[in-house]
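Here's the structure we're looking at; comments come further down.
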Amino acid sequence: VSKKDGRVRVCVDCTPANEVTKDFDWHLPRLQDVRYRTQGKSWFARIDLEDAFFRIGVPARSRQLTAFTVGGQTYKFRRMPLGLKTAPAVFQRFMDHGLSEFADAIWYIDDILITATSGQNSAEGNALHSE
């Protein structure tokens, strides 16, 4: 599938892999929690992590589950593709552990919302942006 910037997004039907993959129990943020954490905030900045799922590696022993064939050639993902049923929870866990020190940041999978009472002095936002 073509992206807006002209690059190509590889789309694969992960149904066979999903049928044999165990669920990964990690909860995504609830809307009520996001609303609570944004109360009293008047400044918001959003960061969308580009190709976020591809930042997570697929263990060698699991790569066969991601195999697909194009033009008679078989390929396996080394990075986590979109469509794996565990991908959102795995990435959310990665973000939960990596960003837990930022009290004024809220993240949902690959989107980060930086909140502050003033846009002038958002130290956490500056720290997040520079990392």
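Data overview
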| item | result |
| --- | --- |
| Hits in the stretch 103-113 (condition: touching a Phe, Trp or Tyr at 6+ places or on another chain (Cβ under 7 Å) and under 14 Å from W43 (Cα atoms)) | L113 |
| Hits in the stretch 55-73 - residues which are part of a loop (DSSP other than H, G, I, E, B) and either surrounded by 10 or more Cβ atoms within 10 Å (Cβ to Cβ) or aromatic (F, W, Y) (or both) | I56, V58, A67 |
| Options D23, D5: the member that is of a type in the set (D, E) and either closer than 24 Å to I112 by Cβ or surrounded by 11 or more Cβ atoms within 10 Å (Cβ to Cβ) (or both) | D5 |
| Residues located in the stretch 10-20, provided they are of a type in the set (D, E, K, R) and either outside any loop (DSSP other than H, G, I, E, B) or surrounded by 10 or more Cβ atoms within 10 Å (Cβ to Cβ) (or both) | E19 |
| Boolean, V8 is of a type in the set (A, V, I, L, M) and free of Cβ contacts under 8 Å to residues at least 12 places away in the same chain | yes |
| Candidate set: the stretch 28-54, residues that are of a type in the set (A, V, I, L, M) and part of a loop (DSSP other than H, G, I, E, B); chosen: the one surrounded by the fewest Cβ atoms within 10 Å (Cβ to Cβ) | L28 |
| Subset tally (residues that are closer than 15 Å to P29 by Cβ and crowded, with 19+ Cβ neighbours inside 10 Å) for the stretch 75-93 | 2 |
| Condition met for T66 (touching a residue at least 12 places away in the same chain (Cβ under 8 Å) and over 17 Å from the mean Cα position of the chain (by Cα)) | yes |
| Residue pairs meeting the criteria (Cβ under 9 Å; at least 6 apart or on separate chains; first among the aromatic types (F, W, Y), in the stretch 30-53; second part of a helix (DSSP H, G or I)) | W43/G125; F44/T38; F53/A87; F53/P88; F53/V90; F53/F91 |
| Residue among S118, S100 that alone is within 19 Å of the chain's Cα centre (by Cα), surrounded by fewer than 18 Cβ atoms within 10 Å (Cβ to Cβ), farther than 13 Å from I47 by Cα and at pLDDT below 90 | S100 |
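The values are calculated or read from the model by the stated rules, or taken from the named source; none is laboratory data. These figures come from a predicted structure and were not determined experimentally. As a convention, Cβ positions derive from the backbone with ideal geometry for all residues, glycine included, and neighbour counts pool all protein chains shown.
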